[in-house]
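Chemist: Pasting a structure here, questions to come.
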Amino acid sequence: MRCLYCSERKTEVTNSRGIARGAIIWRRRHCAACDKTFTTRETPIGDNLFVIKRNGSRQRFVYEKFFASMYNVIHAGKNRDSGNAAKIAKKVTQAVLEQIFMNTKGKNVPTRKIIELSYTELRKIHRASAFAYGTHSAYRSKSLTQIGLMV
Ligand SMILES: [Zn+2]
């Protein structure tokens, strides 16, 4: 990876760590040319996946859209600190993505499956938001608007 500071082509990885649960890796990089260090993070983005909507249409999965909709659900729950909401949204969406890879054969994922997994992960990671999301509302149209249709 190029150096962020001086664009030197070659940077050296001086440290890396994965987290116990999750397909995320942080790398600390050092540039010998300008002697600066920076950190990068490698996470899956699921760009090979396709979302099958309730009306049967098929759309390429876009991680940023998924993150934004999850963030909105968590942030809308309470007057929550936006940085905290973003961290929770990141955790939940990464966990859901990993579940999608493990549980779906092929690359087509129904919206319903994404909502199901989102609710399950939200409940594990941030119970209050899951409660706000609604125990029995996972398949209601309101929730589909919040998460499903925005995925
Ligand atoms: Zn540099």
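The values are calculated or read from the model by the stated rules, or taken from the named source; none is laboratory data. Note that the structure is a prediction, hence the values are computed from the model and not measured. Heads up, the Cβs are rebuilt from the backbone with ideal geometry, glycines too, and the neighbour counts pull from every protein chain shown.
Chemist: Look through region 1-31, keep the residues that are more than 8 Å from the ligand (Cβ to nearest atom), in a loop (DSSP other than H, G, I, E, B) and over 27 Å from residue 101 (Cα atoms), and return whichever of them is nearest to the chain's Cα centre (by Cα).
Modeler: Here the residue is 2.
Chemist: Also: Assess whether residue 61 counts as being near the ligand (Cβ under 10 Å from one of its atoms) and closer than 27 Å to residue 92 by Cα.
Modeler: Against the criterion (near the ligand (Cβ under 10 Å from one of its atoms) and closer than 27 Å to residue 92 by Cα), residue 61 does not qualify.
Chemist: Condition check: hydroxyl-bearing (Ser, Thr, Tyr), surrounded by 16 or more Cβ atoms within 10 Å (Cβ to Cβ), within 16 Å of the ligand (Cβ to nearest atom) and modelled with pLDDT of 90 or more. Does residue 39 satisfy that?
Modeler: no
Chemist: A further question on this structure: Checking the conditions here, which among 67, 38, 61 is within 28 Å of residue 100 (Cβ to Cβ) and touching a Leu at 6+ places or on another chain (Cβ under 9 Å)?
Modeler: Going through 67, 38, 61 in turn, the sole match is 61.
Chemist: Quick one: what pairs do we get from region 99-119, first residue farther than 16 Å from residue 44 by Cβ and without any contact (Cβ under 8 Å) to a residue 60 or more places away in the chain, second of a type outside the set (A, V, I, L, M, F, W, C) and surrounded by fewer than 20 Cβ atoms within 10 Å (Cβ to Cβ), C-beta under 7 Å, 6+ apart or different chains?
Modeler: 113/104; 115/143
Chemist: For the list (1) of a type in the set (Gly, Ala, Ser); (2) farther than 24 Å from residue 90 by Cα; (3) touching a strand residue (DSSP E or B) at 6+ places or on another chain (Cβ under 9 Å); (4) away from the ligand (no atom under 16 Å from the Cβ), I need the number of the one condition that residue 56 fails.
Modeler: Every condition holds for residue 56 apart from (3).
Chemist: Oh, and also: Out of curiosity, is residue 87 at pLDDT 80 or above, assigned to a helix (DSSP H, G or I), closer than 24 Å to residue 47 by Cβ and in contact with a His (Cβ under 9 Å, 6 or more places away or on another chain)?
Modeler: So residue 87 fails the test.
Chemist: For region 64-75, give me the residue count where each residue is in contact with a helix residue (DSSP H, G or I) (Cβ under 7 Å, 6 or more places away or on another chain) and closer than 16 Å to residue 44 by Cα.
Modeler: Qualifying residue count, region 64-75: 2.
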